[in-house]
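Data block below; observations after.
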Amino acid sequence: MAKANIEMDIQSHEDSAGGRHGDEGPLIKYYRASEVLPGPVPALNKLLMKGPATCAAIQASSGILSFGIGVVFAASFVIEWNLLTLLRVPIITGIMFVFAGILSNLLYRHPELLQTCFVANIVCLVVSVIGVILLIVDLQPGGNTIQNKMEVLVLCVTLMDMIIASVLIYWFYREKRDHKL
């Protein structure tokens, strides 16, 4: 076997500016962006960063719960006993909140639905306020029956929906106002 001791280092003389003698540029060139250019900002970016889809999913889920409780309530109890079953309050509010929740979830793909979502959530809030008033009037103090417990459950779900709708209305209003400026 043959053995050779050959020096493999690249030797060059560079001046203080980074260029080599006799060449036009430095041996290694580094490319860096001089400034970062912002990418295109999607429509409703500030609103979508807050996560209205999460609130809308909770709104739709609790609407399904309210609708289910309303169906059970209507099938189980006599209609003339209370305003809850007479006016079908949880069924109407449940359908409204499912509809508004689905619309609010569609904002990611269709930002033009902002006005529709805003109006749908206002309608849901108005219907819920009327429903809560009817539920409070309908509650019987001191009642410990299954009917009263279900009415309290419907009342809690409706109040939660009202809070979610209020938050979404506020966010949608702020976004609409910011786009008009």
Looking at region 131-150, which of its residues are assigned to a helix (DSSP H, G or I) and in contact (Cβ under 8 Å) with a residue 12 or more places away in the chain?
131, 132, 134, 135, 136, 137, 138, 147, 150
Looking at (1) without any contact (Cβ under 8 Å) to a residue 24 or more places away in the chain; (2) not in a helix (DSSP H, G or I), can you tell me which one residue 155 breaks?
(2)
Could you identify the single residue in 123, 119, 132, 127 that is among the aliphatic types (A, V, I, L, M), at pLDDT below 90 and out of contact with any Leu (no Cβ under 6 Å at 6 or more places or on another chain)?
132
Please determine, by comparing only the residues of region 168-181 that are of a type outside the set (Lys, Arg), more than 16 Å from residue 63 (Cα to Cα) and part of a helix (DSSP H, G or I), which one is modelled with the lowest pLDDT.
179
It is to be established whether one or more residues within region 52-74 are over 30 Å from the mean Cα position of the chain (by Cα) and either modelled with pLDDT under 85 or among the small types (Gly, Ala, Ser) (or both).
yes
Residue check for residue 49: in a helix (DSSP H, G or I), modelled with pLDDT of 70 or more, out of contact with any Gly (no Cβ under 9 Å at 6 or more places or on another chain) and within 26 Å of residue 169 (Cα to Cα):
yes
May I ask you to say which residue of 92, 102, 164 is in contact with a Gly (Cβ under 8 Å, 6 or more places away or on another chain) and assigned to a helix (DSSP H, G or I)?
92
So residue 4 fits all but one of (1) loosely packed, with under 12 Cβ neighbours inside 10 Å; (2) at pLDDT 65 or above; what number is the exception?
(2)
Between a residue in region 100-116 that is more than 19 Å from residue 58 (Cβ to Cβ) and any residue that is crowded, with 19+ Cβ neighbours inside 10 Å and not hydroxyl-bearing (Ser, Thr, Tyr), which pairs come within a Cβ distance under 7 Å, given they are 6 or more apart or on different chains?
111/44; 114/44; 114/107; 114/172; 114/175; 116/103
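Please verify whether residue 161 is charged (D, E, K, R) and at pLDDT 85 or above, treating the condition exactly as stated.
yes
The values are calculated or read from the model by the stated rules, or taken from the named source; none is laboratory data. Bear in mind the structure is a predicted one, so any value in this text is a computation, not a measurement. Every residue, glycine among them, receives a Cβ derived from its backbone with ideal geometry; neighbour counts consider all protein chains shown.
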